[in-house]
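Undergrad: Quick one: the structure is below, questions incoming.
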Amino acid sequence: LPALGRAYQLTRDPRYAQAFADQVEDWLRDNPLPRRKDEQHPSWRLIEAARRLRSSWLEAFRLFVNSPDVPDALLPRMLGSIHDHAQFLTRFHTTLNHVLVESTGLLSAACALPEFMRAPVWQRVAMGRLHAELKRQIYPDGAHAELTPSYHLLCLEHFTFPLKLSRPCGLAAPRGYAEALERMIDFAVLSQRPNGMLPLLNDTNEEDLAPAAARLAKFFARP
């Protein structure tokens, strides 16, 4: 959906807007909001709901919100579904790396759409979960509890997400939050193999640490 939105912004070709409308209309029709959590549900597994918000729907909505080529009734319905997604993520959660994805998806909705009456609740719930999970999932030496270097980097990225929103959304990280992330960075750097690759422990991919390390060094102003 964001790819369609970017193509539309560049070309103003109404076919991109029509494709976007068709996709969203089809999804809304075929995927009503469930009453309860079901982690086997192909469309409403919590991590999928969170990814839709953070990686797809919010950006696509922003790109098409002023388009005259999108049917008038569609965007309010999409906005209502975004609200349903956030409420669903507020009511339910899972554990370990999945709950971090869920929390950043919820936080994305809270910051992107502060007009919603429940947005402050979404922000408070998401930040509360991230802070609690940081204390629960990260050992004193900075290692993530799953002891899987690929997931360590994934979790570090999601724990860092609120700091990236601090300026545009006015978020304030709890005391000690950033320091815990620094320990996670230290652990990742100190445990890399001599060739710069992640150690192949548990469910880890063959992955070079350098790109993530460069991003983190720039963000945290570290050498």
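Undergrad: Taking θ = phi - 60°, what integer Hz values does the Karplus form 6.51 cos²θ - 1.76 cosθ + 1.60 yield along the stretch 210-221, in sequence order, with x for Gly and Pro?
TA: 3, x, 5, 4, 5, 5, 5, 4, 5, 5, 8, 6
Undergrad: Provide the three semi-axes, in whole Å and in decreasing order, of the ellipsoid equivalent to the chain as defined by the square roots of 5 times the Cα gyration tensor eigenvalues.
TA: 33, 20, 17
Undergrad: Roughly speaking, what is the centre-to-centre gap between the stretch 112-170 and the stretch 22-77 when only Cα atoms are used, to the nearest Å?
TA: Cα centres, the stretch 112-170 to the stretch 22-77: 23 Å.
Undergrad: Return the loop-located GluC sites (Glu not before Pro) in the stretch 35-118 (DSSP other than H, G, I, E, B) with at most 14 other Cβ atoms within 10 Å of their own Cβ; answer none if there are none.
TA: Here the sparse-neighbourhood loop sites are Glu39, Glu115.
Undergrad: For the stretch 73-223, what is the accessible area per residue in Å², given a 1.4 Å probe and the full set of protein chains?
TA: Heavy-atom accessible area per residue stands at 51 Å².
Undergrad: Suppose we flag trypsin sites (Lys or Arg not before Pro) only when DSSP calls them loop and at most 11 other Cβ atoms lie within 10 Å. Which is the longest uninterrupted stretch of the chain?
TA: For trypsin sites (Lys or Arg not before Pro) (loop position, at most 11 other Cβ atoms within 10 Å), the longest site-free span of the chain is 37-174.
Undergrad: Over the chain, with a Gaussian network built from C-alpha contacts below 10 Å, which listed residue (Gly170, Gly105, Gly142) shows the highest mean-square fluctuation?
TA: Gly170
Undergrad: Let me ask something else about it. Using a probe of 1.4 angstrom, how much of the accessible area of the stretch 133-222 is carbon and sulfur, in percent?
TA: Roughly 56 percent, rounded to a whole number.
Undergrad: Moving on to the next point. Which lysines have a Cα lying under 28 Å from the Cα of Lys218, excluding residues fewer than 8 positions away in the same chain?
TA: Partners within reach: Lys135, Lys164.
Undergrad: Shifting gears a bit: How large is ³J(HN,Hα), in whole Hz, for each residue of the stretch 107-122 in order, when computed from phi with the Karplus curve 6.51 cos²θ - 1.76 cosθ + 1.60 and θ = phi - 60°, using x for Gly and Pro?
TA: Rounded to whole hertz, the list is 5, 4, 5, 4, 7, 6, 10, x, 5, 5, 4, 8, 4, x, 5, 4.
Undergrad: Right, next: Every cysteine in the chain with no other Cys Cβ under 4.7 Å from its Cβ, please list them in numeric order.
TA: Cys155
The values are calculated or read from the model by the stated rules, or taken from the named source; none is laboratory data. Computed from a prediction, not measured in an experiment: that's the story for all the values here. Don't worry about glycine lacking a Cβ; one is built from the backbone with ideal geometry, like all the others, and counts go over all protein chains shown. Surface accessibility is based on the protein's heavy atoms, side chains included, excluding ligands, DNA and RNA. Shrake-Rupley method; radii C 1.70, N 1.55, O 1.52, S 1.80 Å.
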